[in-house]
Amino acid sequence: MVILGIVIFLVVGMGGALLFTEGERREGKNLPIDNVDFKRLDDGTYIGEYEGGKYKWRANKAKVTIKSNKITDIEIIEDKVSNTTEIKNKLFQRVIEKQSLQVDTISGATITSKAYLKSIENALKKTKEK
Amino acid sequence: MLKNVEAQSCYYGMDTVITSKAYGRYAKRALKAAAKEALRLEKLLSRFIPESDISRINRSAGLNWEQISDDTLEVLSQAGKLSNYSKGLLDITIAPLVDLWRAGKDTLEIPDDLRIKQLLPLVDHKGLELNFHGKAAILHKTGQAIDLGGIGKGYAGDKLLKLYKKYDISSAFVNIGGNVLTLGRKPDGSKWQVGISHPREENHLIGTVEAADKAVVTSGDYQRYFKDSQGKRQHHILDPSTGYPAESGLVSVTIVSDSSTAADGLSTVLFVAGKEQGIELLKNVPNTEAIFIDTDLVVHITAGLTDCFHAVRDIKVKVLN
């Protein structure tokens, strides 16, 4: 089974880059975190918002769940524009055939997801406020 | 054992999501370096970053030369060559029209035809002059502007792969917003499996391509579009000669090639050209294969892909001679 794992890290300085690990809860497994420099994330559920910048229609909220120093779930909630499940699927390149065809990556699937990553980033920032 | 250490990354850059997986002793370091390199390139090539090379060239249109970096010079040069080869089917001076259509996306109204016709003369790649010795560029007409949407990510991909090789990586893939590059094979010796998005069914693939040391780049009318007040799809790949989204009978073009810069540029060119003209254009481009998906969702592949393209069931595939 291909386990979908994404590692996102926060790059200091020139904003916008994130690495995190997401475990597939369905499979009851969490991806091991490679020895990436990683500030400790406290367990809990955090909600981050993103205004949408130039076009307010990008406003959305992200709900991030942290367990045992890993991100176990991300949900895009309150999105004015699109079907949020579809967006999340696109963000993580979840396609129906991905596992059955053993696909490593997908050509053509794009998403102007800055708004979503921004709200996720804002959610992660809150984990340090504790 | 250390050779198979796996590292993955996923971050936002170049106005899209960049994901990558690499194997090797220095995989993690390579990915971090690549992330920095992607941001460095974005700062040079993005016309939305005020101090980028491209932004400065755009602001000085009709006025003066601007000094630029080696990378910017290289992208502009390659874009120019492709523009000449395709007789303008790719034209990076398309920015004024891109802006006009982006504004349309907000209001869901297509731009006024008169306005499009007013801006068309500004779309002229011959108006861009490069000075290779002095490392500078100038747009000759006031109001002209460059947008590297059709080739920039491709260029970045090639640079990132070069970086991986410096870190002794021989097995990896990079995916810059759908622009896929593969380096070598997977650790188990098999080729990378690259899914091709289904142009009309979200969260589905239309097929897969096996790749090793190849770039797989797709241009499609389903990536960034809006539906206007008539319900008609207005996509983002503009035909530089008409000023409107290209209507060539295709919904998606995938190029499989050694160079991701070439693949990115060509996927744009062939989408605008259509299948017949596209096949002609491919004849003089070595080591390059293509997948054309038409409006009936029939998949046409060049002969070289016969063994590496696999359609999902119920999809009709035709092999081009």
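The values are calculated or read from the model by the stated rules, or taken from the named source; none is laboratory data. Given the structure is predicted, the values throughout are model-derived calculations rather than measurements. FYI the Cβ positions are ideal-geometry reconstructions off the backbone, even for glycines, and counts take in every protein chain you see. Accessible surface is based on the protein model in full, side chains and every heavy atom, while ligands, DNA and RNA are left aside. Shrake-Rupley method; radii C 1.70, N 1.55, O 1.52, S 1.80 Å.
When both residues are 6+ apart or on different chains and their Cβ atoms are under 7 Å apart, which pairs have a first residue that lies in the stretch B:160-185 and is away from every other protein chain (no Cβ under 14 Å), and a second that is basic (K, R)?
B:Y167/B:R29; B:D168/B:R25
Return the residue satisfying two criteria in turn: it lies in the stretch B:72-96 and is part of a loop (DSSP other than H, G, I, E, B) and of a type outside the set (G, A, S), and of such residues it is farthest from the chain's Cα centre (by Cα).
Of everything passing the filter in the stretch B:72-96, B:K87 is farthest from the chain's Cα centre (by Cα).
Which residues, taken from the stretch B:127-149, are of a type outside the set (A, V, I, L, M, F, W, C) and either within 12 Å of B:L90 (Cα to Cα) or crowded, with 20+ Cβ neighbours inside 10 Å (or both)?
B:Q144, B:D147, B:G149
In this structure, is B:A145 touching a Ser or Thr at 6+ places or on another chain (Cβ under 8 Å), at negative phi and away from chain A (no Cβ under 14 Å)?
Taking the combined requirement at face value, the residue satisfies it.
Can you list residue pairs whose Cβ atoms sit under 6 Å apart, with the first residue in the stretch B:72-89 being of a type in the set (S, T, Y) and the second being assigned to a helix (DSSP H, G or I)? Count only pairs 6 or more apart in sequence or on different chains.
Partner pairs satisfying both residue conditions: B:T72/B:L44; B:T72/B:D53; B:S83/B:H125; B:S86/B:V269.
Going residue by residue through the stretch B:3-10, is there one that turns out to be more than 9 Å from every other protein chain (Cβ to nearest Cβ) and among the polar types (S, T, N, Q)? Outline the logic, then answer.
Taking the stretch B:3-10 first, the residues more than 9 Å from every other protein chain (Cβ to nearest Cβ) are B:3-4.
Applying the additional criterion that residues be among the polar types (S, T, N, Q) yields B:4.
Yes, because at least one residue in the stretch B:3-10 is more than 9 Å from every other protein chain (Cβ to nearest Cβ) and among the polar types (S, T, N, Q).
What number of residues in the stretch B:33-51 are in contact with a strand residue (DSSP E or B) (Cβ under 8 Å, 6 or more places away or on another chain) and either within 7 Å of chain A (Cβ to nearest Cβ) or open to solvent by 10 Å² or more (accessible area, probe 1.4 Å) (or both)?
The total comes to 3.
Would you mind listing the strands (runs of 3 or more DSSP E) fully within the stretch B:215-321 where at least 3 residues are out of contact with any Phe, Trp or Tyr (no Cβ under 6 Å at 6 or more places or on another chain) and surrounded by fewer than 21 Cβ atoms within 10 Å (Cβ to Cβ)?
B:225-227, B:317-320
Taking the stretch B:219-231 as the region of interest, how many residues are more than 19 Å from B:D147 (Cβ to Cβ) and in contact (Cβ under 8 Å) with a residue 12 or more places away in the chain?
The qualifying residues number 4.
If you check B:I68 against the conditions, is it under 28 Å from B:L281 (Cβ atoms), surrounded by 22 or more Cβ atoms within 10 Å (Cβ to Cβ) and more than 13 Å from chain A (Cβ to nearest Cβ)? Give the steps one after another, and end with the answer.
Details: under 28 Å from B:L281 (Cβ atoms): no; surrounded by 22 or more Cβ atoms within 10 Å (Cβ to Cβ): yes; more than 13 Å from chain A (Cβ to nearest Cβ): yes.
In short, no.
Take the stretch B:78-91 and flag every residue that is open to solvent by 20 Å² or more (accessible area, probe 1.4 Å) and touching a Leu at 6+ places or on another chain (Cβ under 9 Å). Working first, answer last.
Looking only at the stretch B:78-91, we keep the residues that are open to solvent by 20 Å² or more (accessible area, probe 1.4 Å), and these are B:78, B:80-82, B:84-85, B:87, B:89.
Within the stretch B:78-91, B:G80, B:L82, B:Y85, B:L89 meet the criteria.
Run down B:I110, B:I94, B:I18, B:I54 and say which single residue is within 11 Å of chain A (Cβ to nearest Cβ) and β-branched (V, I, T).
Exactly one of B:I110, B:I94, B:I18, B:I54 is within 11 Å of chain A (Cβ to nearest Cβ) and β-branched (V, I, T), namely B:I18.
Would you be able to tell me the number of residues in the stretch B:238-266 that are in contact (Cβ under 8 Å) with a residue 60 or more places away in the chain and under 13 Å from the mean Cα position of the chain (by Cα)?
Adding up the residues that qualify gives 8.
Across the stretch B:186-218, what is the total count of residues that are without any contact (Cβ under 8 Å) to a residue 24 or more places away in the chain, closer than 27 Å to B:R233 by Cβ and within 7 Å of chain A (Cβ to nearest Cβ)?
Counting residues in the stretch B:186-218 that are without any contact (Cβ under 8 Å) to a residue 24 or more places away in the chain, closer than 27 Å to B:R233 by Cβ and within 7 Å of chain A (Cβ to nearest Cβ) gives 4.
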